Amino acid sequence: NAGVTQTPKFRILKIGQSMTLQCTQDMNHNYMYWYRQDPGMGLKLIYYSVGAGITDKGEVPNGYNVSRSTTEDFPLRLELAAPSQTSVYFCASREGGGAGEQFFGPGTRLTVL
Amino acid sequence: QKEVEQDPGPLSVPEGAIVSLNCTYSNSAFQYFMWYRQYSRKGPELLMYTYSSGNKEDGRFTAQVDKSSKYISLFIRDSQPSDSATYLCATWGAGGTSYGKLTFGQGTILTVHP
């Protein structure tokens with residue numbers, strides 16, 4: 001199993017550009033999450049999904065959108081990139097609704113200039 | 001007030017030292033407590049997971065939870081340079097707005113020098 005994979009690994013965007021961060025998991029997990037990690041700030045939840053077709057906002061959803069058309073994929077969309085979105089983005093998945101382990105991807109480092 | 005507070009450090013210790021990492025939390029609905037370890041430029045990985053108050057030991061690592069004071073600790077015995085990483089505490093609630101979501105502390109950067 002590859003686990004949780006994310007692409008791209010790195011990206012530099014100009015202000016106002018758009019992009020999609022890809023996340024795929026091959027563990028057949030229902031729950032998937034997007035976090036951003038800023039230095040000294042821990043992980044902040046952006047959006048999450050409890051299954052295909054179901055998404056909900058997390059703590060910091062402004063400026064982002066998600067979709068979940070399949071169990072495997074959970075892309076994160078940035079429509080109008082701003083310098084405040086410079087961060088490291090992590091996708092994670094978990095099997096069910098209980099307090100099981102979350103498996104994280106390797107992250108995408110995004111810089112907005 | 002953040003729901004989970006963690007001193008970001010950084011913390012630097014010599015090899016062989018006992019390390020104590022701590023978090024406090026404010027939401028009584030939190031029932032599960034975890035420690036994730038994150039190496040530089042990698043995603044976090046689960047290190048320890050506890051449910052109730054008390055201690056849980058796994059090799060050189062001991063996780064401690066005190067629900068009465070809402071205090072979470074991770075102890076590392078005989079620390080090694082390979083333990084150098086960021087340690088994130090996390091909590092999970094079984095109900096209300098915290099259901100299904102982990103709440104993370106800020107993370108503590110630990111360096112163990114030879």
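Nearest 5 is fine: what % of DSSP beta bridges in chain A come out antiparallel, could you say? Beta bridges within chain A, antiparallel portion: roughly 90 percent.
The share of C-alpha pairs in region B:7-105 whose separation exceeds 18 Å stands at 45 percent.
Too long at a 25 Å Cα-Cα cut-off: which of B:42/B:70; A:44/B:42; A:57/B:2; A:57/B:67? Exceeds cut-off: B:42/B:70; A:57/B:67.
When the alpha carbon coordinates of the protein assembly as shown are projected onto the principal axes, the ranges are 48, 39, 38 Å, largest first. Here chain A exposes an accessible surface that is 52 percent carbon and sulfur, computed with a 1.4 Å probe and the other protein chains kept in place.
Under 5 Å from the amide H of residue A:13 lie the amide H atoms of A:111, A:112, A:113, each residue being 5 or more positions distant or on a separate chain, with H modelled from the backbone and absent for Pro and chain starts. Summing +1 for each Lys or Arg and -1 for each Asp or Glu among the other residues whose beta-carbon sits under 9 angstrom from that of residue B:112 gives -2. Both chains summed, the buried accessible area for A and B stands near 1700 Å², from protein heavy atoms and a 1.4 Å probe. Per residue of peptide A:37-44, the mean number of Cβ atoms on other chains within 10 Å of the residue Cβ is 6.
Would you tell me the mean number of C-beta atoms belonging to other protein chains that fall within 10 Å of each C-beta in B:44-51, as a whole number? Average per residue, whole number: 3. Counting only DSSP beta bridges whose two residues both lie in the protein assembly as shown, roughly 90 percent are antiparallel. The residues of the protein assembly as shown present an accessible area of 46 Å² per residue when probed at 1.4 Å with all protein chains retained.
The share of accessible area on chain B that comes from carbon and sulfur is 49 percent, using a 1.4 angstrom probe. Summarising the strand pairing of region B:5-114, around 90 percent of its internal DSSP beta bridges are antiparallel.
The values are calculated or read from the model by the stated rules, or taken from the named source; none is laboratory data. As the structure is a computational prediction, the values presented were derived from the model and not from experiment. Counting neighbours? That spans all protein chains shown, and the Cβs are built from the backbone with ideal geometry, glycine included. The protein model used for the area step is the full one, side chains on, heavy atoms only, and it has no ligands, DNA or RNA in it. Shrake-Rupley method; radii C 1.70, N 1.55, O 1.52, S 1.80 Å.
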